[in-house]
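Chemist: To start, I am sharing the structure in question, which I have written as structure tokens.
The values are calculated or read from the model by the stated rules, or taken from the named source; none is laboratory data. A quick note: this is a predicted structure, and the numbers were derived from the prediction, not measured. Cβ placement follows ideal geometry from the backbone for every residue including glycine, while neighbour counts extend to all protein chains displayed. The accessibility values were calculated without ligands, DNA or RNA, using every heavy atom of the protein model including side chains. Shrake-Rupley method; radii C 1.70, N 1.55, O 1.52, S 1.80 Å.
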Amino acid sequence: MSSVEEFRAEIRAWLRANLTGEFADLRGRGGPGREHEAFAERLAWERHLATAGWTCVGWPKEYGGRGATLEQQVALHEEYALADAPARVNHIGEQLLGPTLIAFGTPGQRERFLPRIVAVEELWCQGYSEPDAGSDLANVRTRGERHGAQWAVTGQKIWTSLAHESDWCFVLARTEPGSTRHQGLSYLLVPLDQPGVEIRPITQLTGTSEFNEVFFDGARTEASNIVGAPGEGWKVAMATLGFERGVSTLGQQVGFRHELEAVIELAKRNGAAADPLIRDRIARAWTGLETIRFNALRMLEGVAAGAPGPEASIGKIFWATWHRELGELAMDVCGADGMLAAGEPYDLTDWQRLFLFSRSDTLYAGSNEIQRNIIAERVLGLPKEARP
């Protein structure tokens, strides 16, 4: 067997042997719109993964990873999804911050933070979006002020995933007074368990609260906890977003395939498949899913070459729109039953949760509008959108 096939067989066998006993009930738990499910148990599972060496596998060995190739990382994420293993709780630390520190961090930062990410001892969240700086991230107003050996952070972040479960937040803040847009921003690492930090969960349409508002009122972090030089935050933040659309996207596609197969099975079972319009939409969903996979593979070729291109934005628009439409298709397949809650007071079915939460797919991690602007301006060379 090739090394990739051996690696795939190794993780498949490990998952089969370990998703048992105390972890058996975690299959399929967690994920978008369901992060509240068995969080403590999923954290224990993630630390079990770490003990066996299955976290941060793509990181270089000197930073605690396995130095796995891109193909091996893809195999891991696909096998993990195929095993219906629980949603990861350390995604932001492992897939976003860790690679950012490896690329831009100081030796001291790598020594301090990377081992704790590998061991799942500290959880991270992302402090980017603000009430007036969501898709337009360059409009950040949160301030970072240098006071001797520390930074003081003041401002508000919003839609901060799992902040209420996290220990640290990487914060994009404006550290040069009077600066505008992409200039004068810095990338700060801020501990959350301190005075001057208030976390308020946001209740969503699904009735869950995995997103939060985070208020900083003079919250402190050491001066050494800046990634890159002061004023270089935009470059570092954009690199983090590039890492966000990495190999884990192919595991996401496996999850999408499971959802589509379940919709098809439901349509056969309740008779909705007899409707030619439903059958046509299912066929379109299937071809769309294949397109998503090809987009992801094309994007990863760019990542492997060290120069990710417009494929990331193209892929984000396509899969986000596809997933939103799958939620709409699922509700139409459910028919009138889809209008009824599963129980009191607001107990949703999986289909209702899919429909409601997938509405956010075209907004978070860069809205469809922003992705289209990126493609138009940076790829096609069209004039920039007029700004007031």
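Chemist: Name the one entry in L300, L326, L354 that is part of a helix (DSSP H, G or I), closer than 29 Å to T69 by Cα, open to solvent by less than 30 Å² (accessible area, probe 1.4 Å) and not small (G, A, S).
Modeler: Going through L300, L326, L354 in turn, the sole match is L300.
Chemist: Could I ask something else about it? Tell me which of these G218 doesn't satisfy, since it passes every other one: (1) over 28 Å from I102 (Cβ atoms); (2) in contact with a Gly (Cβ under 7 Å, 6 or more places away or on another chain); (3) surrounded by 15 or more Cβ atoms within 10 Å (Cβ to Cβ); (4) not charged (D, E, K, R).
Modeler: Failed condition: (3).
Chemist: I'd like to verify a number: residues in the stretch 360-384 that are open to solvent by less than 90 Å² (accessible area, probe 1.4 Å) and either among the charged types (D, E, K, R) or within 26 Å of the chain's Cα centre (by Cα) (or both), how many?
Modeler: 16
Chemist: Inspect all residues belonging to the stretch 130-151 and state whether any of them is outside any loop (DSSP other than H, G, I, E, B) and in contact with a Cys (Cβ under 8 Å, 6 or more places away or on another chain).
Modeler: Checked against the condition, which is being outside any loop (DSSP other than H, G, I, E, B) and in contact with a Cys (Cβ under 8 Å, 6 or more places away or on another chain), the stretch 130-151 yields no hits at all.
Chemist: Would you check if P86 is open to solvent by less than 30 Å² (accessible area, probe 1.4 Å), part of a loop (DSSP other than H, G, I, E, B) and either over 18 Å from H164 (Cα atoms) or not aliphatic (A, V, I, L, M) (or both)?
Modeler: yes
Chemist: Then there is this: Hey, among R279, R257, which residue is under 25 Å from the mean Cα position of the chain (by Cα), free of Cβ contacts under 8 Å to residues at least 60 places away in the same chain and outside any strand (DSSP E or B)?
Modeler: R257
Chemist: Go through the stretch 89-103 and give me each residue that's among the small types (G, A, S) and surrounded by fewer than 21 Cβ atoms within 10 Å (Cβ to Cβ).
Modeler: Answer for the stretch 89-103, where residues must be among the small types (G, A, S) and surrounded by fewer than 21 Cβ atoms within 10 Å (Cβ to Cβ): just A103.
Chemist: I would also like to ask the following. Among the residues of the stretch 169-195 satisfying the criterion of being open to solvent by 30 Å² or more (accessible area, probe 1.4 Å) and not charged (D, E, K, R), which is farthest from C125 (Cα to Cα)?
Modeler: G178
Chemist: Determine whether the stretch 104-123 contains at least one residue that is part of a strand (DSSP E or B), crowded, with 17+ Cβ neighbours inside 10 Å, touching a residue at least 60 places away in the same chain (Cβ under 8 Å) and in contact with a helix residue (DSSP H, G or I) (Cβ under 9 Å, 6 or more places away or on another chain).
Modeler: no
Chemist: Here is a follow-up. I'd like the full set of residues that are surrounded by 11 or more Cβ atoms within 10 Å (Cβ to Cβ), under 18 Å from E41 (Cα atoms) and either over 27 Å from the mean Cα position of the chain (by Cα) or among the aliphatic types (A, V, I, L, M) (or both), limited to the stretch 1-31.
Modeler: Selection gives L15, L19, L26.
Chemist: Same structure, new question: Give the residues of the stretch 32-66 that are of a type in the set (G, A, S), open to solvent by 30 Å² or more (accessible area, probe 1.4 Å) and over 15 Å from I11 (Cα atoms), sorted by residue number.
Modeler: A40, A44, G64
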